[in-house]
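Inspection log for the structure reproduced underneath, given as structure tokens.
The values are calculated or read from the model by the stated rules, or taken from the named source; none is laboratory data. For clarity, every value in this text was computed on a predicted model and none was experimentally measured. Don't worry about glycine lacking a Cβ; one is built from the backbone with ideal geometry, like all the others, and counts go over all protein chains shown. Surface accessibility is based on the protein's heavy atoms, side chains included, excluding ligands, DNA and RNA. Shrake-Rupley method; radii C 1.70, N 1.55, O 1.52, S 1.80 Å.
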Amino acid sequence: MSTSLTVFRSERVVTPEGIRAASVVVRDGRIEGIDATVDVPRGAQVVDVGSDALLPGIVDSHAHINEPGRTDWEGFATATAAAAAGGITTVVDMPLNSIPATTSLAALRTKADAASGQCAIDYGLWGGVIPGNAGELQAMVEAGAPGFKAFLVHSGVDEFPAATRDVLDVAMPILAKAGVPLLVHAELTDHEPPFAGDVRAYASYLASRPAAWEVDAIRMMIDLCRKHRAPVHIVHLSAADALDDIAKAKAEGLPFTVETCPHYLTFSAEEIEAGATHFKCAPPIREAENRERLWRAVASGLIDLVVSDHSPCTPALKKLEAGDFSGAWGGIAGLQLSVSAVWTGMRAHGLGLDVLVERMARRTAKLAGLSERKGAIQPGRDADFVVFAPETRFKVAPEDIRHRHRLTPYAGRELEGRVLRTYLRGQRIFDATEGLTGPRIGQWLPRG
């Protein structure tokens with residue numbers, strides 16, 4: 001059997017032990033060793049990236065790929081191409097908005113079949129908790145689901161109804177026993193009042209989903225986490241008002257983690273113009289002061305990780321012509337741009353590449369149960385790399401976006417940090433000058 005051997009060199013290799021000049025030896029797609037200098041073995045290929053940084057492949061544990069069923073919104077082929085262009089080498093797909101939703105063993109297999117052979121990068125598949133599917137959860141764990149998503153309010157699609165506290169009281173002991181996390185869309189309200197005010201005004205939409213919804217939901221989930229000792233992960237935190245409660249839960253030793261997203265760290269409510277419905281998401285983008293509090297929590301580690309929450313739709317569903325925030329689909333398209341968007345903010349806040357990797361690779365891999373393979377440049381891990389130019393600035397041009405649809409609030413924005421090349425298990429899969437390179441070698445990574 002032939003053996004492939006490659007040595008990757010960079011003056012800035014981002015490892016768990018720090019950022020340093022190093023040579024990374026890769027044999028048959030796995031990292032064999034890391035050293036400051038290494039004699040190049042006979043027959044080895046050398047990839048020297050000079051002063052560009054060598055990062056581990058980014059792991060995005062929150063993306064809506066929507067296939068099958070709503071593939072006109074997004075699909076595995078387009079989403080994973082965009083991810084590769086953005087330095088993401090593993091994505092974990094959410095159980096909605098596909099049809100069927102991934103809430104049964106049969107649906108999990110249907111989605112795995114839909115993804116097979118289409119993906120430029122590796123991928124995992126979250127399951128979902130909805131009323132009445134507790135009997136499916138253990139079978140889905142055994143089939144490879146690394147955890148389960150639940151909504152506490154209407155999800156926006158009827159095939160994924162909200163989970164009440166009673167539903168979670170049944171599901172969480174099953175997840176606790178299996179050792180997998182419950183991922184929670186944390187907004188909670190007794191009733192969703194009708195949209196009030198000017199439908200074109202972002203302030204009207206912001207007022208319709210107040211921070212108190214998130215605070216109340218997170219308090220309920222802390223209580224349930226304490227009761228069942230099941231790992232709870234809060235997805236897409238937007239409300240900084242909930243941070244004190246999260247800090248107390250962590251100090252108590254509860255298995256409680258939280259993420260936020262690039263759009264909450266990049267944009268602010270004050271800058272969103274009337275009718276700019278491509279900024280609509282749920283929970284909403286909040287004020288600049290709130291954004292800065294989120295940044296402090298990212299810097300301190302109180303917010304564990306940062307993920308895209310890529311949630312695209314067809315442009316028509318954004319209702320841009322009418323500029324109608326009340327009726328537009330809520331979701332941000334940003335998978336390809338998430339790393340650069342976050343790095344732009346990190347540089348502005350004095351944070352380094354080590355923090356970027358910790359929040360967007362190592363901890364995301366851990367959440368998805370992939371720490372043995374992904375998320376760090378360490379011996380034994382997959383040789384997933386990003387060649388990254390952290391000082392390079394570029395303006396987001398819609399024609400460069402590889403999502404199925406190019407509508408994104410990042411269009412025209414200047415970002416820092418350009419992905420030059422992406423490698424999956426030692427094979428180059430993206431080059432900034434050539435685009436996608438080679439066959440689609442992405443694999444499903446079921447939970448072991």
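Numerical summary
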quantity: Residues satisfying the stated conditions in the range 100-111, i.e. open to solvent by 10 Å² or more (accessible area, probe 1.4 Å), closer than 18 Å to Gln443 by Cα and either part of a loop (DSSP other than H, G, I, E, B) or not hydroxyl-bearing (Ser, Thr, Tyr) (or both); calculated: Arg109
quantity: Residues (small (Gly, Ala, Ser) and either under 16 Å from the mean Cα position of the chain (by Cα) or part of a helix (DSSP H, G or I) (or both)) located in the range 118-138; calculated: Gly124, Gly127, Ala134, Gly135
quantity: Checking Asn97 against (1) assigned to a strand (DSSP E or B); (2) modelled with pLDDT of 95 or more, the condition it does not meet; calculated: (1)
quantity: Residue match in the range 170-187 (condition: of a type in the set (Lys, Arg) and more than 27 Å from Thr102 (Cβ to Cβ)); calculated: no
quantity: Unique match (being surrounded by fewer than 16 Cβ atoms within 10 Å (Cβ to Cβ), modelled with pLDDT under 95, touching a strand residue (DSSP E or B) at 6+ places or on another chain (Cβ under 7 Å) and small (Gly, Ala, Ser)) among Gly448, Gly412, Gly438; calculated: Gly438
quantity: Where a residue in the range 358-374 is open to solvent by 10 Å² or more (accessible area, probe 1.4 Å) and its partner, wherever it lies, is in a helix (DSSP H, G or I), with Cβ under 8 Å and at least six apart; calculated: Arg359/Val298; Arg359/Val342; Ser371/Arg362; Ser371/Ala365; Arg373/Ala365
quantity: Positions within the range 285-294 being in contact (Cβ under 8 Å) with a residue 40 or more places away in the chain and either among the aliphatic types (A, V, I, L, M) or in contact with a strand residue (DSSP E or B) (Cβ under 6 Å, 6 or more places away or on another chain) (or both), in sequence order; calculated: Ile285, Leu294
quantity: Selected residue [farther than 24 Å from Ser311 by Cβ, in contact (Cβ under 8 Å) with a residue 24 or more places away in the chain and in contact with a helix residue (DSSP H, G or I) (Cβ under 6 Å, 6 or more places away or on another chain)] from Val170, Val129; calculated: Val170
quantity: Failed criterion for Ala282 (all others in (1) assigned to a loop (DSSP other than H, G, I, E, B); (2) within 21 Å of Val342 (Cβ to Cβ); (3) free of Cβ contacts under 8 Å to residues at least 24 places away in the same chain hold); calculated: (3)
quantity: Hits in the range 69-80 - residues which are open to solvent by 10 Å² or more (accessible area, probe 1.4 Å) and not acidic (Asp, Glu); calculated: Gly69, Arg70, Thr71, Trp73, Ala77, Thr78
quantity: Criterion: farther than 21 Å from Ala282 by Cβ and of a type in the set (D, E, K, R) - qualifying residue of Glu159, Glu142, Glu74; calculated: Glu142
quantity: Some residue of the range 265-279 being within 26 Å of Val129 (Cβ to Cβ), in contact (Cβ under 8 Å) with a residue 12 or more places away in the chain, open to solvent by 10 Å² or more (accessible area, probe 1.4 Å) and in the same structural domain as Leu351 (by the TED database); calculated: no
quantity: Unmet requirement for Ala242, which otherwise passes all of (1) in contact with an Asp or Glu (Cβ under 9 Å, 6 or more places away or on another chain); (2) closer than 24 Å to His64 by Cα; calculated: (2)
